[in-house]
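The values are calculated or read from the model by the stated rules, or taken from the named source; none is laboratory data. All values reported here derive from a predicted model rather than from experimental measurement. Using ideal geometry, Cβ is built from the backbone for each residue, glycine included, and neighbour counts are taken over all protein chains shown.
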Amino acid sequence: MTRRFHTAVKISNAICLWLAFCLSPAMAAPTPSFTIHNFMPDFWQFWEAAENQPVERQAELWQSLYVGKHQGVFDDLAGPCKDQYDSEWARTRYFPNLPKIVPAMRDATGDLPEKLNATRARFLGLFPDMN
């Protein structure tokens, strides 16, 4: 009986240690240390004002209604995406093509908040220690 008692105590101790490890705060679901920003509402505000405007006016509205609100992001992207920030490129390629791609943009972003939440959960599952 003593041998059984000691075996039971050892098993109980092992279970307690295992539970303590599994339930410790370090093992808890990570709290995201990043934020996802959805800029599409600002884009739609820009597009509502710019849709039927001449290209020059679209460029002004782009700066005031979209880029200006997110200047820090655009500053960070200015180097790696410099071709897309060229004003001539925007006037000759981006603004003239927007009417063609806006319907697909609406379809792609209609449920964007739900997609972003699912993506965040999947990302944190793959990279739980992401800072």
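For this structure, a couple of remarks:
- Residue check, F95 aromatic (F, W, Y), in contact (Cβ under 8 Å) with a residue 12 or more places away in the chain and closer than 28 Å to A78 by Cα: yes
- Helices (runs of 4 or more DSSP H) wholly inside the range 33-82 that include at least 2 residues being among the small types (G, A, S) and either surrounded by 14 or more Cβ atoms within 10 Å (Cβ to Cβ) or not assigned by TED's automatic domain parsing to the domain that holds L112 (or both): 40-50
- Residues that are modelled with pLDDT under 85 and loosely packed, with under 10 Cβ neighbours inside 10 Å within the range 92-113 are absent altogether.
- Residue within the range 10-27 that is touching a Phe, Trp or Tyr at 6+ places or on another chain (Cβ under 9 Å) and at pLDDT below 70 present: yes
- Count of the range 120-131 residues, restricted to those that are surrounded by 11 or more Cβ atoms within 10 Å (Cβ to Cβ) and in contact (Cβ under 8 Å) with a residue 60 or more places away in the chain, is 3.
- Single match in W62, W47, W89 (criterion: among the aromatic types (F, W, Y) and at pLDDT 95 or above): W47
- Tallying residues that are part of a helix (DSSP H, G or I) and touching a helix residue (DSSP H, G or I) at 6+ places or on another chain (Cβ under 8 Å) within the range 106-131 yields 2.
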